[in-house]
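Here's the structure we're looking at; comments come further down.
The values are calculated or read from the model by the stated rules, or taken from the named source; none is laboratory data. Everything numeric here is computed off the predicted structure, so don't read it as measured data. Cβ coordinates were reconstructed from backbone atoms using ideal geometry, including for glycine residues, and neighbour counts include every protein chain displayed.
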């Protein structure tokens, strides 16, 4: 879908640090943590959260009382008069929420929409489903996070198997994957330069614990030191496979959010009125069964077609790349420079907390374009069920 009226205020977005699985956020309630992070963002930017018209709450992993989702989160962040749905579309939840918010602006349903995405993969719920018809009334159960990572009931395979399928079909070697992974780690180091100058453009420190046990988490937690030699020493996860624990992402915890509004309101809320950020289009597509890692190709092609653009028009590309295979195939099929994609890192390095992942990457795309002096940017990321989303934004400075 193409948009003409949806804008993001410059600086009207944030991300918490992403904490490794079973790390600092492992025992924090994701909704409460996101509410506190959002409130800190609004206080820092001196924006009244009560001026938001509605809320899209993105979440994919259930937690206690998440039934009350949007209304509870709205109250926690300081806007108790607004409400909205809980939205979940696996790894592209952040893009789906932003698309819904943009549609509200496009259709004049709202003037200012808020998107907040959050998840905690750590300590995911174990769910029991009772049965009155099974022998002994024995029910079934699932570990929400791990069982769903490991099995797609439609394609009958795991997420890593989809990446192996794509690697085989496109002739992607183990060596290529290791090289891309090492490159993404090096790009992430650029985000840490000058005392994390790039991250400080959008990342909000998070306070956890209370009283004397309170602590502040300021930066990503759980980044694995990576060298090409170290990657090459790892064994494939699957027998006869090409993907190692190094060339795929890792589960994490965190949250991210942004404001979607009109051009006029964006100028009022912007940290710098000279910077104009416009959402040009978003598209969701699905690839063939069992090939999730290649779904970014039709999604990217669709959003470029909807916005009347060519790959050569794009100044910056950021991806949600749970596997190095994703970037290699997207580069091969659309002609993007593999070395130049994902400047300042990507989810293969800083981790994947599900709902907030794509939104953080979109925020990083915007900031990269600002540093470039403007231009067009493409986000592409895959999601469970052989699905992916594409998004194009335009930044003018």
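Filter segment 197-211 for residues that are in a helix (DSSP H, G or I) and surrounded by 15 or more Cβ atoms within 10 Å (Cβ to Cβ); which is nearest to the chain's Cα centre (by Cα)?
199
More than 30 Å from residue 159 (Cα to Cα) and crowded, with 24+ Cβ neighbours inside 10 Å, is that true of residue 76?
Answer is no for this residue.
Is it fair to say residue 193 is surrounded by fewer than 16 Cβ atoms within 10 Å (Cβ to Cβ), without any contact (Cβ under 8 Å) to a residue 40 or more places away in the chain and either touching a strand residue (DSSP E or B) at 6+ places or on another chain (Cβ under 7 Å) or at negative phi (or both)?
yes
Being out of contact with any helix residue (DSSP H, G or I) (no Cβ under 9 Å at 6 or more places or on another chain) and either without any contact (Cβ under 8 Å) to a residue 24 or more places away in the chain or surrounded by 14 or more Cβ atoms within 10 Å (Cβ to Cβ) (or both) narrows it down to one residue among 182, 214; which is it?
Selected residue: 214, the only one of 182, 214 that is out of contact with any helix residue (DSSP H, G or I) (no Cβ under 9 Å at 6 or more places or on another chain) and either without any contact (Cβ under 8 Å) to a residue 24 or more places away in the chain or surrounded by 14 or more Cβ atoms within 10 Å (Cβ to Cβ) (or both).
On the given criteria, is residue 267 surrounded by fewer than 19 Cβ atoms within 10 Å (Cβ to Cβ), in contact (Cβ under 8 Å) with a residue 24 or more places away in the chain and in contact with a strand residue (DSSP E or B) (Cβ under 7 Å, 6 or more places away or on another chain)? Steps first, answer last, please.
On the way: surrounded by fewer than 19 Cβ atoms within 10 Å (Cβ to Cβ): yes; in contact (Cβ under 8 Å) with a residue 24 or more places away in the chain: yes; in contact with a strand residue (DSSP E or B) (Cβ under 7 Å, 6 or more places away or on another chain): no.
Answer is no for this residue.
Scanning segment 332-357 for residues that are in contact with a strand residue (DSSP E or B) (Cβ under 6 Å, 6 or more places away or on another chain) and assigned to a helix (DSSP H, G or I), which turns out farthest from residue 176 (Cα to Cα)?
So, considering only residues that are in contact with a strand residue (DSSP E or B) (Cβ under 6 Å, 6 or more places away or on another chain) and assigned to a helix (DSSP H, G or I), the one farthest from residue 176 (Cα to Cα) is 357.
Take residue 299 and tell me if it is surrounded by 24 or more Cβ atoms within 10 Å (Cβ to Cβ), under 20 Å from the mean Cα position of the chain (by Cα) and more than 27 Å from residue 266 (Cα to Cα).
It is true that residue 299 is surrounded by 24 or more Cβ atoms within 10 Å (Cβ to Cβ), under 20 Å from the mean Cα position of the chain (by Cα) and more than 27 Å from residue 266 (Cα to Cα).
Of 164, 175, which residue is within 16 Å of residue 329 (Cβ to Cβ) and either surrounded by fewer than 14 Cβ atoms within 10 Å (Cβ to Cβ) or touching a strand residue (DSSP E or B) at 6+ places or on another chain (Cβ under 6 Å) (or both)?
Of the residues listed, the single one that is within 16 Å of residue 329 (Cβ to Cβ) and either surrounded by fewer than 14 Cβ atoms within 10 Å (Cβ to Cβ) or touching a strand residue (DSSP E or B) at 6+ places or on another chain (Cβ under 6 Å) (or both) is 175.
I'd like to check something: does segment 63-78 contain any residue that is touching a helix residue (DSSP H, G or I) at 6+ places or on another chain (Cβ under 8 Å), outside any helix (DSSP H, G or I), within 24 Å of residue 102 (Cα to Cα) and modelled with pLDDT of 95 or more?
The answer is yes, given that some residue of segment 63-78 is touching a helix residue (DSSP H, G or I) at 6+ places or on another chain (Cβ under 8 Å), outside any helix (DSSP H, G or I), within 24 Å of residue 102 (Cα to Cα) and modelled with pLDDT of 95 or more.
Kindly indicate which of 117, 133 is outside any helix (DSSP H, G or I) and out of contact with any strand residue (DSSP E or B) (no Cβ under 9 Å at 6 or more places or on another chain).
That would be 133, the only listed residue that is outside any helix (DSSP H, G or I) and out of contact with any strand residue (DSSP E or B) (no Cβ under 9 Å at 6 or more places or on another chain).
Taking segment 289-331, which residues are touching a residue at least 24 places away in the same chain (Cβ under 8 Å), assigned to a helix (DSSP H, G or I) and farther than 19 Å from residue 352 by Cβ?
Matches in segment 289-331: 297, 298, 300, 301, 302, 303, 304, 306, 311, 313.
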